[in-house]
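Colleague: Just passing along the structure, written as structure tokens.
The values are calculated or read from the model by the stated rules, or taken from the named source; none is laboratory data. In this text, all values refer to a predicted model and were calculated from it rather than measured experimentally. Ideal geometry is used to build each Cβ from the backbone, glycine not excepted, and the neighbour counts take in all protein chains shown. For the accessible areas, the whole protein counts, side chains as well, though only heavy atoms, and no ligand, DNA or RNA atoms are used. Shrake-Rupley method; radii C 1.70, N 1.55, O 1.52, S 1.80 Å.
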2 protein chains.
Amino acid sequence: MATSRDMRISISERAAGGARARGRVYTVLRDAIVSTEFHPGQRLSESELAERLGVSRTPIREALVRLRDDRLVEIVPQLGTYVSRISRQAIDDAQFIREALEGAAVRVAATRARPEDIAALDAIIARQREAFRDSDIDRFYFFDDELHRSLCDLSGHGVAWSLSQRASGHLNRIRRLSMTLPAYIDEMIEEHAVVLDAVRRHEPEEAEHALREHLKMVVSAVPDIERSHPDYFES
Amino acid sequence: MATSRDMRISISERAAGGARARGRVYTVLRDAIVSTEFHPGQRLSESELAERLGVSRTPIREALVRLRDDRLVEIVPQLGTYVSRISRQAIDDAQFIREALEGAAVRVAATRARPEDIAALDAIIARQREAFRDSDIDRFYFFDDELHRSLCDLSGHGVAWSLSQRASGHLNRIRRLSMTLPAYIDEMIEEHAVVLDAVRRHEPEEAEHALREHLKMVVSAVPDIERSHPDYFES
DNA sequence: GCCCACATACTTGCATACAAGTATTCGGAG
DNA sequence: CTCCGAATACTTGTATGCAAGTATGTGGGC
């Protein structure tokens, strides 16, 4: 029947929009946690969050359940909801996931990148240098994500980036905290340039290796962060 | 203070348990979808599911939201919830994710596997042959998962398996459907043996290559399934 | 016979009410 | 002063009620 086919089309068109309140709440809470505006270990109250965000407990709960999947909060029945403390195992897991997924993606990206794609990537790095010059950490963080996301998109598997992101909550808190140290930012930009050069020259092996090395740098910041914020960590 | 440290411990102990109704509903619904007991394209009613499972709409909703993250259902506001039709892009994405994650995991597993680990893996393959001999597809499917999960666990990053699974909903429907064909099962078992041999000999490169080749076999079944169930697929 | 308009019955999204259970705190006894 | 117990004020989990919106079926007009 023709109707069923029409319905299918209208469905996929509308599903893309998604819900409004639920998605908004999830994004707001996730940002607050990753930016450590909500401190690791802090207790969260569903009712208080509902009041502050101007919605009822229902969308708050649905967002918290998603955040639990991300291991960013721990929900204990009849007791409370807590921002997860940063876990070394979770960092290690996220690092493994990122290297595997983004490494595989950049390998494909290196074989497929067209000149205009590379120009777009160059532009992103230029913006990173700008943000660094202006000491605008939030903007740098944004364009850092943007670069990695673009590389995944180029591979034809944008889902690699979304998955990597959802798995990288603990790691991203380290990223954000490490960006308060200018030395890290400077080195990050140079490493981005190395990755991009390998992509430009269509060298998949080299690109993957450079990216994996680059990703390892985030982990190297852990001891510094652990020293300055010991209470943010587990056990 | 000592209290806060004690609290932390009790929290992590209890968080492991998790909720009962919500988790149960999610598992039941996911199994129903992946086994195509719920047909791709089928419309689901929150109220009907609530009645059938003996709970209210709330846990049903939370489970459906998780399934939407898995791309297994499409929720259209004020219209209805539908079991996603199998999407070629989703299959391709899942394949990419599985190869990247499990490939990286088996590489590590090959370097770390101790004799007793390998014995355990051998035992799983033996059970697969048993299930094959008894034509018990569900049991074979279970031990297939068990083998892949064990390999990921061996790498020290069990999370690779959970992520891979959550991303593989569309692919798993193909897996289940392809297992109705005995020829596929037989070949799968042999390929498992090849992977395991490489792990036994501590050859990471070879193990990853064999696993990636093995994973590709699932995709090769797509045209067959598409011919026998054209209405299960998108557009 | 065909087509258009309206009412109806459904859907999900959100808000609220109730139930079960825990930590804390306040009061009293020793 | 110390310690024990019960009541209280919270927490999350679940159930239900209401609002907004869409598809469908029915009845009337042409």
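Colleague: Determine, yes or no, whether B:Ala183 is touching a residue at least 40 places away in the same chain (Cβ under 8 Å) and of a type in the set (A, V, I, L, M, F, W, C).
Modeller: no
Colleague: Those residues that are under 19 Å from the mean Cα position of the chain (by Cα) and part of a loop (DSSP other than H, G, I, E, B), I need them from region B:218-235; list them, please.
Modeller: Scanning region B:218-235 gives a single hit, B:Ala221.
Colleague: As an exercise: evaluate B:Ile75 against (1) farther than 21 Å from B:Val159 by Cβ; (2) away from DNA strand C (no atom under 14 Å from the Cβ) and give the number of the one condition it does not meet.
Modeller: (2)
Colleague: Can you tell me which residues in region B:61-100 are part of a helix (DSSP H, G or I), facing chain A (nearest Cβ under 8 Å) and within 16 Å of DNA strand D (Cβ to nearest atom)?
Modeller: B:Arg61, B:Glu62, B:Val65, B:Arg66
Colleague: Can you find a residue in region B:29-47 that is in a helix (DSSP H, G or I), within 22 Å of the chain's Cα centre (by Cα) and aromatic (Phe, Trp, Tyr)?
Modeller: No, that holds for no residue.
Colleague: Kindly list the number of the only condition in (1) modelled with pLDDT of 95 or more; (2) out of contact with any Lys or Arg (no Cβ under 6 Å at 6 or more places or on another chain); (3) of a type outside the set (Val, Ile, Thr); (4) more than 15 Å from DNA strand C (Cβ to nearest atom) that fails for A:Leu49.
Modeller: (4)
Colleague: Looking at the structure I just gave you, is A:Ala167 modelled with pLDDT of 95 or more, open to solvent by 20 Å² or more (accessible area, probe 1.4 Å) and within 21 Å of A:Glu213 (Cα to Cα)?
Modeller: Judged against the criteria, A:Ala167 is a match.
Colleague: Hey, another quick one. Regarding A:Arg173, is this residue surrounded by 20 or more Cβ atoms within 10 Å (Cβ to Cβ), more than 26 Å from B:Glu99 (Cβ to Cβ) and of a type in the set (D, E, K, R)?
Modeller: Yes; evaluated as a whole, the condition is true for this residue.
Colleague: Hey, another quick one. Please go through (1) touching a residue at least 12 places away in the same chain (Cβ under 8 Å); (2) assigned by TED's automatic domain parsing to the domain that holds B:Val28 for B:Pro77 and return the number of the only condition it doesn't satisfy.
Modeller: All conditions are met except number (1).
Colleague: Condition first: under 15 Å from A:Glu191 (Cα atoms) and small (Gly, Ala, Ser). Now tell me which residues in region A:116-141 satisfy that.
Modeller: Hit for region A:116-141 is A:Ala126, nothing else.
Colleague: Taking region B:61-94 as the search range and keeping residues that are under 17 Å from B:Leu29 (Cβ atoms) and of a type in the set (Lys, Arg), which one is least open to solvent (accessible area, probe 1.4 Å)?
Modeller: Once the filter is applied, the top-ranked residue is B:Arg66.
Colleague: For the subset of region B:47-60 comprising residues that are away from every other protein chain (no Cβ under 13 Å) and open to solvent by less than 30 Å² (accessible area, probe 1.4 Å), which member is farthest from DNA strand D (Cβ to nearest atom)?
Modeller: The selected residue is B:Leu49.
Colleague: Hey, among B:Ser168, B:Ser178, B:Ser162, which residue is assigned by TED's automatic domain parsing to the domain that holds B:Arg129 and out of contact with any helix residue (DSSP H, G or I) (no Cβ under 7 Å at 6 or more places or on another chain)?
Modeller: Only one candidate qualifies: B:Ser162.
Colleague: Follow-up question, since we're still on this one. Can you find a residue in region B:110-118 that is within 14 Å of another protein chain (Cβ to nearest Cβ), at pLDDT 95 or above, open to solvent by less than 10 Å² (accessible area, probe 1.4 Å) and within 30 Å of A:His157 (Cα to Cα)?
Modeller: No: region B:110-118 contains no residue that is within 14 Å of another protein chain (Cβ to nearest Cβ), at pLDDT 95 or above, open to solvent by less than 10 Å² (accessible area, probe 1.4 Å) and within 30 Å of A:His157 (Cα to Cα).
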